Amino acid sequence: MTIHEGEGRLTDTEAEALAAHALTYVRASQVVGLGSGQAASAFVRILGREVKAGLRVTGVPTSEATAELARDVGIPLASLEDPPSIDVTVDGADEVDSDLDLIKGYGGALVREKIVATASRQLVVLIGHDKLVPALGSRGKLPIEVVPFATGFCRRRLAEMGYPAVVRTRGAERVLSDNANLILDCDVGPIADAARLDATLRSIPGVVATGLFVGMAHVVLVWQDGRVMTISRTAERISRVRQ
């Protein structure tokens, strides 16, 4: 099975508009987490132009592809061992619910994305309006990264729990994450309690992480009706502002 990250894909113009708005959350001398996927890549390119114009920042990439792009556009990079913390991370998402909880991982970088998001003071997410869902799991599968040795065991345990899963492939080849793990795309249906499901799935030996990002996003920038809508989490209250 292949998950197509381009489903509901933004146009280049829309991705650039979101990325330009995300740039307002970046300040000089900050450490910036650099996400993966279409909108996050547009942000990396725009940030690279600002760096060439004199903005001093350091990037922490969430994937090897993002690291390569960042180097190409001139963004200095660091690992998580170098900076004391990450000030802001800009990334995409595959689903966003009304609580700003996310499903990520259609691009295969969920583990590094989750580590960088957790290490960040602020997570800014860029999406098209089609990624807004009434409940996580509404649009498709939940990615789960697993140790290759445990793939069969994890699939059987998930099936016993009522969550059938298939190994992600590209053509005839199994997809490997940047961590040399496999990804299971799990059919979970609409999720009633994302935090509880995440904890349950992570308790299976061999599961490295799930694509559920619960309580992590601070701001979601949505391209809708030709403009950017800002959805933000402030003191447990979700506010929506059209720009």
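Throughout, read-outs are computed from the coordinates displayed, never taken from laboratory work. Note that the coordinates shown come from a computational prediction; the quantities given were computed from them, not determined experimentally. FYI the Cβ positions are ideal-geometry reconstructions off the backbone, even for glycines, and counts take in every protein chain you see.
Projecting the Cα atoms of L126, A93, G59 onto the dipole axis of the range 43-144, where Lys and Arg carry +1 and Asp and Glu carry -1 at the beta carbon, places G59 farthest toward the positive end. In the chain the Cα-Cα distances spread across 10 Å bins starting at 0 as 8, 33, 36, 19, 4, 0 percent of all pairs.
Database remark: amide H of A209 closer than 5 angstrom to the amide H of E145 (H placed geometrically; neighbours at sequence offset of 5 or more, or on other chains; Pro and chain starts carry no H). Each eigenvalue of the Cα gyration tensor of the range 142-209, multiplied by 5 and square-rooted, gives one semi-axis; in descending order these are 20, 13, 11 Å. Relative to the 2.2 N^0.38 Å rule of thumb, the range 55-116 has a C-alpha radius of gyration ratio of 1.21. Per-residue Karplus couplings for the range 170-177, computed as 6.51 cos²θ - 1.76 cosθ + 1.60 with θ equal to phi - 60°, are listed in order as 10, x, 8, 9, 6, 6, 9, 6 Hz, Gly and Pro entered as x. Under 10 Å, Cα contacts only: if you run a Gaussian network model on the chain, which one of A53, A150, A199 comes out with the highest mean-square fluctuation? Comparing A53, A150, A199 in the GNM, the peak value goes to A53. Within the range 1-136, DSSP assigns beta bridges of which about 10% are antiparallel (rounded to the nearest 5). Using only the alpha-carbon atoms, how far is helix 12-22 inclined from the longest principal axis of the chain? Give it as 0 to 90 degrees, nearest 10. Tilt relative to the chain: about 70 degrees. Over the range 1-114, all Cα pairs binned in 5 Å intervals from 0 give whole-percent P(r) values of 2, 12, 23, 25, 21, 11, 5, 1, 0, listed from short to long. When shorter helices are ignored and each DSSP H run of at least 4 residues is given -39500 (n - 2.57), the per-residue value for the chain at 222 nm works out to -7500 deg cm²/dmol.
Applying the Karplus relation 6.51 cos²θ - 1.76 cosθ + 1.60 with θ = phi - 60° to the range 90-95 yields 3J(HN,Hα) values of 10, 8, x, 7, 9, 8 Hz, where x marks Gly and Pro. Once the Cα-Cα distance is subtracted from the 0.36 nm per residue extended length, the D12 to A28 segment shows a gain of 3.1 nm. The lysine pair tally for the chain, using Cα distances under 20 Å and a gap of 8 or more places or different chains, is 6.
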